[in-house]
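The values are calculated or read from the model by the stated rules, or taken from the named source; none is laboratory data. All figures in this text were calculated on a predicted structure; none of them were measured in a lab. For neighbour counting, all protein chains shown are included, and Cβ atoms are generated from backbone atoms with ideal geometry for every residue, glycine included. Only protein heavy atoms, including side chains, enter the accessible area calculation; ligands, DNA and RNA are left aside. Shrake-Rupley method; radii C 1.70, N 1.55, O 1.52, S 1.80 Å.
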Amino acid sequence: MNHLRVLDLRQCPITVFPKEIFQALPRLETVYADNYKLCCPVTLPRGFNVLNCHAPSDEVSSCDDLLRSNLYRVALAIFASLALLGNVGTLLYRFIFHNSTGNVGYDVFVTNLCVADCLMGVYLLIIGVADHRYRGSYLWEDMEWRNSGLCKTAGFTCLLSMEISVFIIFLITTDRFLVLRFPFSSFHFRKRSAQFTCGLVWLAGVTLAVTPCLPMTSHWQFYSQTSICIPLPTSRVDFPGRKYSFIVMVVLNFICFLFIFVGQVLIYWSIRATSMCVSSTSKATQDITVARRLITVVMSDFVCWFPVGLTGILATYDFPISGEVNVAMAIFILPVNSALNPFLYTFNIYLERRRRAREEERVKGIICQLKVAKDLPQVDVKE
């Protein structure tokens, strides 16, 4: 072994190995491997040129850190803070200050959407804490972290949050369409029916997220495939359970967003028809305002999910997807909806209140002018 110059370990599933595994090979010049950890400087002989060690780099992690770039850490911290603080604040606002008008169902849907988006913040927080915990020594903690219960819990939470968010946005679109298109019909979501439907949605989401953990699918090691605990179908690396990931995250979500897009088009035409016919009534005005607010939220979700679906389809047809693209999907694209949704609601509500306040001030000003004009003395004008 002292004379070994070239070592080819490709298609050799090495995941656990001792430190300084190649230190006793003084003449080693070239290494080929499938595991990036075998090319870390700490495992190679002294004086070895790292450029001569050929292994696919990990898309997220490095030899030292779970998140290999400070940019990833900053983005994760920002999205985690926005998702947690924004959604918790929105929930507190809805429970304490928001007064629901009537027995409507969309308030129930919006509250459940905030809870689902808050779970995404919990997932990001777990990944951030794990990155801090293994800083500088991740190479030797990688398998322990991936196979830990906390990593599986994080992956379960992420997938649950994504799917619940998609389903509830679909329900919100359906509810707004029914209210605007059939305003006098009794076939609307009321509070009880909305709560029952949300219960079914959460049951469906839990089923989708727990399926990879069942005994018949446990060999997938689904949530242990990557260091961020969620295997994306856009990854360039094949893994067990990839078809399931593709069906859930691409096919199912694409079908939901197709219905959402059609529903938004129908809502747009309903808004135009309603504004021309019954825009004078307060109820119609309120429904139109809510519909416009939700259109903003739904379109932002659609724009964010489109890259995931597109790259997933391209990857299925063996189109090469760079690792940087997959990192962008995991760190920058998936959490953005959960981070922005509560602020979209708050911003729209703030604008609506400002508009109402200006309208009330204008009406008060007109009333005051009329009173002043009425109290003025009558003056006869003679020719």
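Observations
- Student exercise, segment 1-52 dipole from Lys, Arg, Asp, Glu Cβ charges, in Debye to nearest 20: 100 debye
- Ordering of 197-207, 330-340, 71-81 by burial proxy (mean other Cβ atoms within 10 Å per residue, highest first): 330-340, 71-81, 197-207
- Taking amide H positions as modeled 1.01 Å from N, with prolines and chain starts lacking one, the residues under 5 Å from C53 and 5 or more places away or on another chain are V31.
- Protein-only accessible surface at a 1.4 angstrom probe places the residues L92, L67 in the order L92, L67, largest first.
- Of the accessible area of segment 54-148, computed with a 1.4 Å probe over protein heavy atoms only, carbon and sulfur atoms account for 65 percent.
- Mean Cβ neighbour count within 10 Å, used as a protection proxy, ranking 119-128, 213-222 highest first: 119-128, 213-222
- Residue-count net charge about V248 - beta-carbon cut-off 12 Å; Lys, Arg +1, Asp, Glu -1: +1
- A 1.4 Å probe run over segment 161-207, with the rest of the protein chains in place, finds 50 Å² accessible per residue.
- Accessible area (Å², per residue) of segment 6-105, counting only protein heavy atoms and a probe of 1.4 Å: 56 Å²
- Structural descriptor for segment 100-170: relative contact order 53 percent, calculated from alpha carbon pairs under 8 angstrom and at least 6 residues apart.
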